[in-house]
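Visitor: Sharing a structure with you now.
No lab work stands behind these numbers, since they all come straight from the coordinates. In this text, all values refer to a predicted model and were calculated from it rather than measured experimentally. Here the Cβ is made from the backbone with ideal geometry for all residues, glycine too, and neighbour counts use every protein chain on show.
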Amino acid sequence: MRAIAVSAFRAEPGLVEMPKPDPGAGEVRVKIEYAALNPLDRQTADCAPEGAVPPVFPLVLGTDFAGRVDMIGSGDNTFRVGDPVFGRVPALPGRPGAYAEYVCVPQDSPIALVPRDMPLQLAAALPTAGSTAAQILSSTAVRSGLSLLIVGATGGVGSFLTQLASARGTAVVAAVRGDERRRMRALGATATVDTTEGPEALETVVRDLYPDGVDALVDLVSADTDSFAAYTALVRDGGVAVTTRGVAAPAGVAWADFRLAPTAAVLDELAAAVARGELTVPVDMELPLEKAPQALVQNRAGGARGKTVFAI
């Protein structure tokens, strides 16, 4: 089968031929039709998490997928051959990723049925970004009627977060880079700010709308303490700041270092919301699998506008 893999950490990803995997006990094999790009995919290609078991090379990249079950391993069956499914490949040592024609995943992993009439392309873009947005909202103090500042709002997580938060009555201030303000307003943002205009532009908008500061901050991009601290200064006393980048907040600020815990139940909820027309999946571009290496390089530079999916 065709796959995008690396031969060593920090090696350039490339198209390779690999044996088609066979499902083990409790697993299903999925013939992938679409895979989605996530920042985690390029991080996986760079190094193993601290304390992790060294992977087996060549290492197939990719986390999110959508396709159809084409083989079922021994044991109890949750799915049937031919079922349209989407989900995340578990981060286990030696397990190939989703940038491939086939993948084997446990039936009890974050994998769910795709609703009828929902395109597989959209389903592939949901698992990581959609689950992250949903779980951030459920794990923070963001509630109906409060205010939320999202930094890095134009990417997959930010686009989903804007929609989910505004749907529950939260006023969203979307901090973006470049000409994305109209799109974010269409997704439900109450106010938008182009951060390329300088830090004063964001502070002016926030202070005009919320003199005491916003109730909550979700920072999806800041990788250093100083940048995160500048945004947390816009949060009111008693508010909460959330980072997805593992950055510590200044003293005196309630903060959360978010870690995704994906489940099939969350995937079901997200897919149902899409099927009902309540949630828009922000697919920015579709590329052939062969273009994945170049897309990973571009993603490293930041500035994502929605999701990139690969047609397998």
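Visitor: About its Cα centre, how strong a charge dipole does the stretch 38-148 have in debye, to the nearest 20, once Lys and Arg get +1 and Asp and Glu get -1 at the Cβ?
Guide: Result for the stretch 38-148 is approximately 240 debye, rounded to the nearest 20.
Visitor: Using Cα pairs closer than 8 Å and at least 6 residues apart in sequence, work out the relative contact order for the chain, in percent.
Guide: 18
Visitor: Classify the stretch 234-308 from the C-alpha gyration tensor, please: rounded if a/c falls under 1.5, else prolate or oblate depending on whether a/b exceeds b/c.
Guide: Here the stretch 234-308 falls in the oblate category.
Visitor: With runs of 4+ DSSP H residues as the only contributors, calculate the mean residue ellipticity of the chain at 222 nm using -39,500 (n - 2.57) per run, divided by the residue total and rounded to the nearest 500.
Guide: Estimated from H runs of four or more residues: -7500 deg cm²/dmol.
Visitor: Between Arg236 and Leu287, what is the FRET efficiency for a Förster distance of 51 Å, r being their Cβ-Cβ separation, to the nearest 0.05?
Guide: That gives a FRET efficiency of 0.75.
Visitor: When the Debye formula is applied to the Cα atoms of the stretch 129-257, each taken as the same point scatterer, what base-10 log of I(q)/I(0) results at q = 0.12, 0.13, 0.17, 0.18 Å⁻¹?
Guide: Evaluating at q = 0.12, 0.13, 0.17, 0.18 Å⁻¹ gives log10 I(q)/I(0) of -0.36, -0.43, -0.78, -0.88.
Visitor: Averaging over every viewing direction, what projected area does the convex hull of the Cα atoms of the chain cover, in nm²?
Guide: 15.7
Visitor: Dipole size in debye (nearest 20) for the chain around its Cα centre, Lys and Arg Cβ +1, Asp and Glu Cβ -1?
Guide: In total the dipole reaches around 420 debye.
Visitor: For the stretch 176-207 and the stretch 130-154, what is the centre-to-centre distance using only Cα atoms, to the nearest Å?
Guide: What the calculation gives is 16 Å, centre to centre.
Visitor: Here is a further query. Any idea what the dipole of the stretch 129-257 comes to, in debye rounded to 20, about its Cα centre with Lys/Arg Cβ at +1 and Asp/Glu Cβ at -1?
Guide: 540
Visitor: Now a separate question. List the aspartates and glutamates whose Cα sits under 20 Å from the Cα of Lys291, skipping any in the same chain fewer than 8 residues away.
Guide: Glu12, Glu17, Glu33, Asp41, Asp46, Asp64, Glu101
Visitor: Please compute the contact order of the stretch 129-257 in relative form: average sequence separation of alpha-carbon pairs under 8 Å and at least six residues apart, divided by the residue count, as a percent.
Guide: With pairs under 8 Å counted, the relative contact order is 20 percent.
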